[in-house]
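First the structure, in the form of structure tokens, and then the observations on it.
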Amino acid sequence: MPPSKAAKNLSSLLRSAIKTTASKPDDATLKHFVGSLDTSSSSPTTSTPHKRSTKSRSKASVSKAFSDLAIDSFKIYEPLYPGASTLDAGSSDSIEENDEYVGSVLDTPWFSTLSHSNISLRRKEVSRDRKQKWIFKSTQTHRFDRLVKMCGQKLGTDATIQVFGKLGRETGVKEFNALIGLCIVKARETRSEDVWLQEISKVYKLLMLMRERGFKLEEESYGPFLMLLIDMEMVEEFQFFCGAIRDGNSNSLSRFAYYEMLLWIRVNNEVKIQELCDFIATNDEGDKTNFKEHYLLALCESDRKKEVLLLLGIVDITKFSSLDNLTNIFGSLGRLSLESCAEKFIRALKGSDTGAENISNFIYSYATSVPNLAVDDVISKFKHLHLELEVVPSSAAYEKLIGHCCNSLKAHVALDIVDQMFEAGLTLSIETFHSILCACEESCDYNLVHRIYSMICHNNLKPNNETFRAMINLRVKMKDFEGAYNMIKDLENMNLMPTAGMYNAIMAGYFREKNMHAGLRVLKQMEDADVKRDSQTFTYLIGNCVHEEDIVKYYEELKCSGVQITKHIFMALINAYAACGQFEKAKKVVLDKGVPVKSLSEIKSVLASALASHGQISEALDVCEEIKEAECNLEPKAIICLMDHLQTEGQLSRLIQLLEELKDSDLWIDGCCKVILYCVQFKHLSSAVDLLKQLVDKFCDDEVATEVIFDEVFSKIAESERADMQFGLNLLQAIKEQLDVRPSRKSLDFLLGACASAKDLQSSNLIWKEYQIAGLPYNVLSYLRMYQALLASGAHASATKILNKMPKDDPHVQCVIKACKATYIEPASGMGNKKKKTKKKKKKEMARE
């Protein structure tokens, strides 16, 4: 894939810069030379970079961006201090300033000070904290990534590399990758073109610096960068950077082919896609197999069925180099429902040295990728293919299938698979049971704990403390406290010791039941078992205090115990003080010197929620403003809490503002529904329709979810004491015309119910016609609702006609009809009889006179 002419010139310019690191070029001369590549003087404008197309960007803009990158690239090859690797070719003054800056940063405290009076205890805790957060081991990559990210956020990428140099640690591949990842995250999040260019410039500099230091550029380093360019649809930039990274990296050429295909798929360039497919079809040389594999992988991941079928007839899948690629390809075959192809390839792989366990995993990948299959159907497909193709299911594939069941919250089905594994003599890790226990908790299948414990005991598995904690937690949630205590007694038989987490689960259960005495009794049991309280214990104790003196008592015990004071302790203090009505003391908690700086906005969000929950709305909103002024974000759960308590008239603008601040996708849906129901309650039609449109866009592929939302909206109208039928009809019309959504049967049923409450005959007839317009045949429920609406509005003759059309075989239907007559007909006839008697009496009196 040849790069553009400007990109070629720039690429050669950059390579020449790398070769001349000894001689420092003059910036003015360089800018003049690079500027000659740009025939226009226009500079790039600030825009939203989240979806860029080369068609929408001028050639001058692209050239200017490349020029900036070229100039920046000359600034990374001069040493910053003796013995250090080169980074920035600034003046000696700037180098000294950098050293001073890094030194000052290294002197700043990275962890919040601990408010303990005992200096020696404080030193021990600080030392322990440093060991926990700074020591790096090869098995703790995620911890070191957090360290690098922390440095990158505080110092920037260039200064971070200097820091590691001063700490005596050479910057290695892990550090470079972490910094590259940080730049890519910033590039994806920014809305500024200039910031985006700056971040990709940093990534390019880091990649070139890795090469200068002798590191081989692996996909782990350059892959996320190329995906960024692909996602942004930056064709020319991709061509340039791909060419620069590819130089001297011939072993990875086939992987670049994968990214190339993804690029053309992303920008919908059918001509280029076809060219690459033709290349595969017409080149049968052995050295092209890897290219075919990676082109096919890209097409599979993008679900390009036509091209996939073409290539599957050409490639020899047994020669593929990567098991992961094969797994992805079988997943694609499942998504495309190409079962015959999957069976063909499985048979081919059986004759190779792929291995039965891997083939079983491929079958799992295919079965779980077939669209719209229920869990039971996935299992049937999994078993059928193994039986049909004469492949023995492996333990690894079975465990993955169990994980699939757990993700779908089908814990009982997962346990059925476990039984089958034991019957087949296969082994199972205890961690798999942990996944099943989590699924039991999420699906509220607490009673399955009996079956799980029985399986563990009968199959001589070795549970650990976490296994017992999870099982005790399930016992407690089904209110089987005796069973929970019995499990603690069983620990001795398993050579295990009770932990604070086990007792905490029991304590939390008692507190949920408001059994404070039994909850506090757990403390005595912990002492008898010589189990020390942990921060979670104190969190439960403080959070469930009903008297201020108890809050103070447990907090003092916590400080004397030496247990680390976590953010959850401060949250518990806030909630406890608020529950006691001590709102000022709750607000003072966030001022404590021990509050972790990184958790301050989260703790303040809890304060806002606590104040709102106890009627202190204005003070809660003041806390929200403080969080915004500190350029922090209010926690999503706090926003939802505020929405729940801003349900008085005149709060629409504030609710919409809170909704805009919600970043969590699931909670945004929850918040949006709350605001829509508010709009319905206070009759804000246009705002309700706008928000419904946003939800429809969010659920464009989920008709069921969309239907549920509209049903909820119309149920709100039906539940209101004084149903405004005109608002309901206007909303129905707007949904049909503006959102192009057909009302569901439930929505129309709710509206008919509202007509009965409003005694609105005209609206009843209009909604009755909507069933026909929507193509919904009348059923028993719709007849009953219409019958009720007509009776309520006094149209007894029309109600009788509906009654004659209604099926009356069901005894429940007969009961409803009887209730309607008792409510609407008999009182009316009684009033009529009373009026007749009154008239007769008056006539008799007049006759006597």
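Test of understanding: what is the full-extension gain from F682 to N804, defined as 0.36 nm times their sequence separation minus their Cα-Cα distance? Show your work: numbers first, answer last.
Values: separation 122, 0.36 × 122 = 43.92 nm, distance 3.89 nm.
Taking 0.36 nm per residue and subtracting the Cα distance, the gain is 40.0 nm.
Accessible area of D376 (1.4 Å probe, protein heavy atoms only, ligands and nucleic acids ignored): about 100 Å².
Could you work out what % of the accessible surface of segment 623-780 is carbon and sulfur, using a 1.4 angstrom probe and leaving DNA, RNA and ligands out of the count?
For segment 623-780, the apolar C and S fraction of the accessible surface comes to 46 percent.
Roughly how many Å² is the accessible area per residue of segment 456-563, as a whole number, for a 1.4 Å probe? Provide the component values of the computation, followed by the final result.
On the way: 5630 Å² over 108 residues.
With the other protein chains kept in place, segment 456-563 gives 52 Å² per residue.
Above 20 angstrom, tally the Cα pairs of segment 561-633 and express them as a % of all pairs, no decimals.
On the way: 632 of 2628 pairs.
Everything past 20 Å amounts to 24 percent.
Determine the gain in length on full extension of the stretch N358-Q733; use 0.36 nm per residue of separation and subtract their C-alpha separation, reporting nm with one decimal.
Details: separation 375, 0.36 × 375 = 135.00 nm, distance 5.64 nm.
Going from the current span to full extension adds 129.4 nm.
According to the Cα-based calculation, Rg over Rh for segment 248-315 is 0.94, with Rh computed by the Kirkwood formula. Packing, as the average of other Cβ atoms within 10 Å across residues, places the peptides 811-822, 382-393, 465-476 in the order 465-476, 382-393, 811-822, highest first.
In segment 552-595, carbon and sulfur make up what percent of the accessible area (probe 1.4 Å)? Intermediate results must be reported in sequence, preceding the final value.
Values: 1170 of 2190 Å².
Result for segment 552-595: 53 percent of the exposed heavy-atom area is carbon or sulfur.
So what is the relative contact order of segment 285-431, in percent, for Cα pairs below 8 Å that sit 6 or more residues apart? Spell out each step's value before the answer.
On the way: 142 pairs, mean separation 26.9, N = 147.
In percent, rounded to a whole number, it is 18.
So which of K306/K344; K174/K400; K567/K637; K174/K637 end up more than 26 Å apart by C-alpha? Among K306/K344; K174/K400; K567/K637; K174/K637, the Cα-Cα distance tops 26 Å for K174/K400; K174/K637. Extending 7 Å from the Cα toward the beta-carbon at both K350 and F279 defines two label points whose distance is 3.6 nm.
Ranking V546, V185, V203 from most to least accessible surface, computed with a 1.4 Å probe over the protein chains only, gives V546, V185, V203. The accessible surface of segment 198-322, taken with every protein chain in place and a 1.4 Å probe, is 45 percent carbon and sulfur.
Multiply the residue gap between N269 and V185 by 0.36 nm, knock off their C-alpha separation, and tell me the result in nm, one decimal place. Don't jump to the answer; show the numbers that get you there.
Working: separation 84, 0.36 × 84 = 30.24 nm, distance 2.70 nm.
27.5 nm is the gain from fully extending N269 to V185.
Label-to-label distance for S321 and E721 is 7.5 nm, based on points extended 7 Å past Cα in the beta-carbon direction. Remark on segment 603-733: hydrodynamic radius 15.6 angstrom, per the Kirkwood mean of 1/r across alpha carbon pairs.
Largest accessible area first, the residues R347, R246, R335 order themselves as R347, R335, R246 under a 1.4 Å probe with ligands, DNA and RNA left out. Between the listed residues V308, T327, L297, the Cα displaced farthest toward the positive end of the dipole of segment 295-341, a dipole computed from Cβ unit charges relative to the Cα centre, is found at V308. On the principal axes of its alpha-carbon atoms, segment 586-673 has extents of 39, 27, 19 Å, going from largest to smallest. Measuring against 18 Å, Cα to Cα, the residue pairs K769/K821; K628/K698; K292/K319; K674/K759; K462/K532; K663/K698 contain K769/K821; K628/K698; K674/K759; K462/K532 as the ones spanning a longer distance.
In the frame of its principal axes, segment 452-522 has Cα extents of 38, 21, 16 Å, reported largest first.
The values are calculated or read from the model by the stated rules, or taken from the named source; none is laboratory data. As the structure is a prediction and not an experimental result, all values here were calculated from the model. Counting neighbours? That spans all protein chains shown, and the Cβs are built from the backbone with ideal geometry, glycine included. Keep in mind that these areas ignore ligands, DNA and RNA; they rest on the heavy atoms of the full protein, side chains included. Shrake-Rupley method; radii C 1.70, N 1.55, O 1.52, S 1.80 Å.
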